[in-house]
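In what follows, a structure is listed as structure tokens, so that the remarks can point back to it.
The values are calculated or read from the model by the stated rules, or taken from the named source; none is laboratory data. Everything numeric here is computed off the predicted structure, so don't read it as measured data. Note that each Cβ is placed from the backbone with ideal geometry, even for glycine, and that neighbours are counted across all protein chains shown.
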Amino acid sequence: MADPNVGQTIAQAWENVVGTKPEDNIHNDYWLLNRMQEGGGFKSIDGGRSINGSIEYAVNTTVKAYTDLDLLDTTRVDVFDEFSFGWKEYAGTVVMSELERAKNQGSGRKFDLLAAKLENLRNTFKRVLNTDMFGDGTGTGGKVMGGLGYIVSSTPTTGTVGGISRSAFAFWRNQQSVGTKTTTAFDNLQASMRHMYNLCSNGVTGAHPGFAVSDMATFEGFESLLTKNERYNRESKGDKGLTGFQSDALMFKDIPISYDVACPAGLLYMLQTTNLKLAYQSGYWMKGFPSVDPANQTADIFKVMTICNLYSNNPRRLGVITAIN
């Protein structure tokens with residue numbers, strides 16, 4: 001007998017796969033996405049046609065030294081403005097035909113096909129979102145989110161980000177410098193990283209970058225510059241010497257640095273989740289809908305969607321080192 005609630009059953013299976021909170025949807029292989037979650041970079045926004053926020057961008061120029069009878073400057077100085085980032089939609093489907101369901105039952109069942117398909121959809125979602133987080137927002141006809149290539153640009157004096165012109169307003173430009181070698185590979189990398197760390201910091205005791213991410217070659221180049229640690233402790237013939245250490249990240253100053261397979265070659269980003277966030281519409285992070293049974297197909301179709309975008313409220317605290325070799 002057909003299950004009249006199969007659509008809701010599949011939707012429930014999806015909830016079991018992804019969970020109900022955004023932090024349950026993060027996989028360690030996608031390092032940028034993982035850092036955003038762990039560092040408080042996920043932000044749920046309840047409604048609204050865009051992602052808006054107020055910014056303070058100028059000082060009050062009426063403040064000056066004066067004598068007791070000087071006239072005060074009563075010029076009204078504009079010091080506040082607003083940024084605006086649009087929402088981006090992502091969607092995917094799983095199709096489960098009646099033939100697949102029939103084959104995947106009884107003694108002929110090797111694994112739960114539906115569960116495997118849902119898991120594959122979840123991982124694919126993460127892969128696509130993480131990849132687009134490094135992009136410039138022009139992919140798929142401009143339908144993708146504006147990623148680091150857009151917000152933390154290699155050419156920060158051009159373009160408009162969040163409705164504010166970077167060419168006209170210097171306060172809205174991210175930090176950028178080059179890490180090109182002088183003689184040997186990566187011989188300028190550490191100096192470039194120190195300089196970028198300071199550029200992105202708000203003074204000595206203020207805010208600093210929270211993490212760094214690069215491509216694999218740059219990460220390995222950075223690792224090659226570190227002091228080699230070796231430990232030899234042999235108490236039996238089965239013991240082996242150890243070189244280095246095992247970790248998913250290295251440290252630069254006080255921040256973790258690792259690579260992401262989606263990061264373009266020759267780039268290293270210094271970021272912090274106070275000023276860079278991945279916003280999503282409340283209730284629409286990998287939201288699954290009850291599957292439908294089309295009238296002209298012997299199959300169930302299950303839909304998942306995400307409404308999100310990457311945004312910054314202060315690009316000056318974000319930086320990129322380019323042309324690293």
Task: Failed condition for Asp70, given (1) in a loop (DSSP other than H, G, I, E, B); (2) touching a residue at least 12 places away in the same chain (Cβ under 8 Å); (3) not polar (S, T, N, Q) - done: (2)
Task: Conditions (1) surrounded by 13 or more Cβ atoms within 10 Å (Cβ to Cβ); (2) farther than 27 Å from Phe289 by Cβ: number failed by Gly86 - done: (2)
TODO: Could you check how many residues of region 73-113 are assigned to a loop (DSSP other than H, G, I, E, B), modelled with pLDDT of 90 or more and under 29 Å from Asn130 (Cβ atoms)?
DONE: 1
- [ ] Name every residue in region 28-38 that is in contact with a Leu (Cβ under 9 Å, 6 or more places away or on another chain) and not charged (D, E, K, R), in order of residue number.
- [x] Tyr30, Leu32, Leu33, Met36, Gln37
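Can you tell me which residue within region 140-179, out of those that are among the hydrophobic types (A, V, I, L, M, F, W, C) and assigned to a helix (DSSP H, G or I), is surrounded by the fewest Cβ atoms within 10 Å (Cβ to Cβ)? Write out each step before concluding.
Quick first cut of region 140-179, residues among the hydrophobic types (A, V, I, L, M, F, W, C) only: 144-145, 148, 151-152, 161, 164, 168-172, 178.
The next check asks that each one be assigned to a helix (DSSP H, G or I); those that pass are 148, 151, 170-172.
On the way: Leu148: 27, Ile151: 25, Ala170: 11, Phe171: 14, Trp172: 23.
Across region 140-179, the extreme among qualifying residues is Ala170.
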- [ ] Find the residue count for region 204-221, including only residues that are closer than 15 Å to Thr322 by Cβ and not acidic (Asp, Glu).
- [x] 6
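Just one of Val178, Val213 is at pLDDT 95 or above, of a type in the set (A, V, I, L, M, F, W, C) and in contact with a Leu (Cβ under 6 Å, 6 or more places away or on another chain); which is it? Walk me through how you get there before you give the answer.
On the way: Val178 fails: in contact with a Leu (Cβ under 6 Å, 6 or more places away or on another chain).
Being at pLDDT 95 or above, of a type in the set (A, V, I, L, M, F, W, C) and in contact with a Leu (Cβ under 6 Å, 6 or more places away or on another chain) holds for just one of Val178, Val213, which is Val213.
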